[in-house]
Amino acid sequence: MRTSTRRSRGWVALAAVAALASGVLAGCADDSDDGSPGSNGGGNDGKGRTTLTVGTFGVFGYQQAGLYDEYMKLHPDIRIKENVTTRTDVYWPKVLTRLQAGSGTDDLQAIEVGNITEAVQTQADKFVDLGKEADTSQWLDWKLAQATTKDGRTIALGTDIGPMAICYRRDLFAKAGLETDRTKLAERWKGDWAKYVDLGKEYMRKAPKGTRFVDSAASVYNAAINGADQRYYDKDGNVVWDSSPGVKSAWNVAMSVARSDMSAKLKQFDKPWDQGFANGTFATVACPAWMIGYIEQKSGDSGKGNWDVAEAPTGANWGGSFLGVPTAGKHRKEAVALAKWLTAPEQQAKVFAKQASFPSTPSAYPGLKPAADTTAYFSGAPITQIFSDSAKAIPTQYFGVKDQPINTAITDIGILQVEQRGKSPAQGWSAATAEIKDVLGQ
């Protein structure tokens, strides 16, 4: 899921809330859809051209990168109209209502990763099987699997993803007497988030005054769970959150942070968190590709050349979306062609060049280049290579309909109880358990 707003230029990200934490997207684009069924503006434009509507949330970058204009130039008989709803918590329920009604959908509908499992499990018959239309080998296996039903129907094609890295402050590491070389650091914590936490303990022994090693325990939990082989559901769709090895491992790592002095105890995307970047109050943050721009924006000039990027302990993904073609659409053939074109490696690379949305098609990776000023800002780090390697290492994960609320219960209730209210890990887990059982109706 992507719960941050999509970037409107360069590497600048105006984010809201972590996808697997809240599902709410604070917008950066104006709504062009008034929310009423049938208002999408599809059909014929009166000039003999077919109008295709693309329903999105936030800024996907297609218009900003000039892709719509390029496609219309290649296909003079097609006109494209984008309908933007800025908030995912408004957008997705509206899409579900229209899918059930069998009318009012856009010709193409964006689906956020936090909603793709629900779409696959409960709405698959409402979408065209794009697996029969596109070369599915173009996408990362785990990305394709997220949009594919048990019987092999691919209901949507992948757009961007959020491969994980560790962004860190070289200047603060140096003041704490720690290694600053990104390659050596990556080797130090490779394969185990607990090793990352161990380094945090070392940092705190000589930490510059007023600084902490990491922004929050919830941040570390999300990074760890997003790279686990098993999360809250098994491959058969059974809820296993309370016995999942991935959850246990991520929880234990988060508890090590929550019960220590290494956390700044900040809630991501709140104003104090933004101020933490500007004031340099924490030395590291688990950062998916799209957060690079957010850091650059919030840290400002004082962060230039002080931030660096290293490989994360494990490959992990945070964010991303898909494009599907509803069967209720009047122009399905044309919509399928547009969906295939927009999500092709060449077009994903163009969106990356404009706003750094990281492609889900590996063949695009060799030619990706971040802006020169971004490379300089992050101390010359090979950003594209780091995120490309992470993307290829992400395991296939199985999501369920209640993934988001389960995750939120653990991070916003369980971990918060320990980190901010001084409760024991057992008490925090108990509080999260009660909320999860309520969510699951148990």
Choice from Pro272, Pro208, Pro425 with maximal GNM fluctuation in the chain (Cα, 10 Å cutoff)
Pro272
In a Gaussian network model over the chain where Cα atoms closer than 10 Å are linked, find which of Val90, Val253, Val351 has the largest mean-square fluctuation.
Val90
Cα centroids of the stretch 285-349 and the stretch 189-216: how far apart, whole angstrom?
28 Å
Furthest towards positive pole of dipole, Val120, Thr433, Gly320, structure part the chain, Cβ charges
Thr433
Hey, can you rank 128-135, 101-108 by average C-beta count inside 10 Å, highest first?
101-108, 128-135
Just tell me, in residue order, which DSSP H segments of the chain are both 18 angstrom or longer along the helix axis (alpha-carbon based) and at least -1.0 in mean Kyte-Doolittle hydropathy.
88-101, 193-205, 245-258, 425-440
Roughly how many Å is it from the Cα centre of the stretch 55-83 to that of the stretch 392-422, as a whole number?
35 Å
What list of ³J(HN,Hα) values in whole Hz, one per residue of the stretch 47-63 in order, does the Karplus curve 6.51 cos²θ - 1.76 cosθ + 1.60 (θ = phi - 60°) give from phi, with Gly and Pro shown as x?
10, x, 9, 7, 9, 9, 9, 10, x, 9, 10, x, 9, 8, x, 5, 5
Which cross-chain or sequence-distant (5 or more) residues have an amide H under 5 Å from the amide H of Phe378, H modelled 1.01 Å from N in plane?
Gly305
Amide H contacts under 5 Å for Phe282, restricted to residues at least 5 apart in sequence or on another chain and with H modeled in the peptide plane, are Arg212
With no solvent and one equal point scatterer placed on each C-alpha of the chain, evaluate the Debye formula and give log10 I(q)/I(0) for q = 0.11, 0.13 Å⁻¹, two decimals.
-0.81, -1.12
Cross-link reach from Lys143 to lysines, straight Cα distance under 21 Å and at least 8 residues apart if same chain, gives Lys126, Lys132, Lys235, Lys340, Lys350, Lys392, Lys402
For the stretch 237-352, the fraction of alpha-carbon pairs in successive 5 Å shells from zero, as %:
2, 8, 12, 13, 15, 13, 11, 11, 8, 5, 2, 0
Using amide H atoms built in the peptide plane, which far-off residues or other-chain residues are under 5 Å from Ala264 H to H?
Val214, Asp215, Ser216
Can you give the charge dipole size of the chain about its Cα centre, rounded to the nearest 20 debye, using +1 on the beta carbon of Lys and Arg and -1 on the beta carbon of Asp and Glu?
680 debye
The chain - share of DSSP beta bridges that are antiparallel (%, nearest 5)
70 percent
From the helices alone, meaning DSSP H stretches of at least four residues, give me the mean residue ellipticity at 222 nm for the chain, per-run term -39500 (n - 2.57), in deg cm²/dmol to the nearest 500.
-11000 deg cm²/dmol
So between Val401 and Lys235, what do we pick up on full extension, going 0.36 nm a residue minus the alpha carbon distance?
58.5 nm
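Each value in this text was obtained by applying a stated rule to the coordinates, not by laboratory testing. These numbers were taken from a predicted model, which means no experiment stands behind them. No Cβ is skipped: glycine too gets one built from the backbone with ideal geometry, and neighbour counts run over all protein chains shown.
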